[in-house]
């Protein structure tokens, strides 16, 4: 069987695309990927998504998305795409089970993954004080001290955002200078409750059930100290999940899928991208869901155009 649309990924973008595609009557399938529900399943409470006035656990919100997609008839395959042939018609997706899925159009919503420091406590305390998104989780630590790891524009943006909520913000920078743009550095330096620690790395994250501090090492002296913070925000970059598409899709220098301005179209006909896999800037559940809607509408219109042209009589 050849599907009209195959959706890769089961985060806010993938499920929203499925809801719209299913309601449009398209014959579709959603392939959940290695982490069904996406990054939100590993977060605690989500308070900034419209429609949940009391907040909602990230995992529960994604279960709500899934149930809504299933309600409209979305079949879900819980597997991972290991190979994608996107230039063919139909497009061919090889799953880890060996199954081949064929579809006329493909919506890629595989997301991105934050880069981590590699500490054991980092994953154990993820969602309990360890985060990669200040906009998502900063509100939970208002009035408390926090730390940000990184020296780029993203780290500066995280620190500036947190400075409006937290009592103090410690920026932990490995080198003696930042990679951030001058204007971002100037903003950080002019913010009274942001303290920059140069030549500093995180050695460990303290706490059993929640973050109670971070142990840091000063690289020039070797001295180790403990910062009594209640949250650690890791801002050393994100890695878009695009490895299997390299060589076929046009990617940015950072590996994100490049889409046509004002749309979700990629450089290949019938291939669309939504969510964090094509968004290095916002990386929010609400923006991912919005582009999932856009991708489904773009795919539906593209499929209609293909049928129209195929129906035209030969000259």
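The values are calculated or read from the model by the stated rules, or taken from the named source; none is laboratory data. Just so it is clear, the structure is predicted and the values come from calculations on it, not from any experiment. Reconstructed Cβ throughout: ideal geometry from the backbone, glycine too, with neighbour counts over all protein chains shown.
Odds and ends about this structure:
- Here the range 162-184 is the region considered, the condition is being modelled with pLDDT under 95 and in a helix (DSSP H, G or I), and the residue that is nearest to residue 124 (Cα to Cα) is 184.
- Flag if residue 132 is modelled with pLDDT of 95 or more, buried (at least 16 other Cβ atoms within 10 Å of the Cβ) and in contact with a strand residue (DSSP E or B) (Cβ under 8 Å, 6 or more places away or on another chain): no
- Test: residue in the range 41-60 that is surrounded by 22 or more Cβ atoms within 10 Å (Cβ to Cβ) and out of contact with any helix residue (DSSP H, G or I) (no Cβ under 6 Å at 6 or more places or on another chain): no
- Subset of the range 61-87 [without any contact (Cβ under 8 Å) to a residue 24 or more places away in the chain and either crowded, with 16+ Cβ neighbours inside 10 Å or not assigned by TED's automatic domain parsing to the domain that holds residue 98 (or both)]: 70
- Tally of residues being at pLDDT 95 or above, touching a strand residue (DSSP E or B) at 6+ places or on another chain (Cβ under 6 Å) and over 19 Å from residue 240 (Cβ atoms) across the range 23-60: 5
- Set 299, 304: member being touching a residue at least 40 places away in the same chain (Cβ under 8 Å) and either assigned to a strand (DSSP E or B) or over 24 Å from residue 157 (Cβ atoms) (or both): 299
- Positions within the range 103-129 being closer than 14 Å to residue 39 by Cα and without any contact (Cβ under 8 Å) to a residue 60 or more places away in the chain, in sequence order: 123
- Lone unmet requirement of (1) surrounded by 15 or more Cβ atoms within 10 Å (Cβ to Cβ); (2) not assigned by TED's automatic domain parsing to the domain that holds residue 129 for residue 247: (1)
- Test result for residue 216, in contact (Cβ under 8 Å) with a residue 40 or more places away in the chain, farther than 22 Å from residue 285 by Cβ and part of a loop (DSSP other than H, G, I, E, B): no
- Top-ranked residue of the range 223-260 - restricted to ones that are over 17 Å from the mean Cα position of the chain (by Cα), in a loop (DSSP other than H, G, I, E, B) and at pLDDT below 95, ranked as farthest from residue 96 (Cα to Cα): 253
- The residues of the range 265-307 that are at pLDDT below 95, surrounded by fewer than 21 Cβ atoms within 10 Å (Cβ to Cβ) and touching a helix residue (DSSP H, G or I) at 6+ places or on another chain (Cβ under 7 Å), listed by number, are 283, 284.
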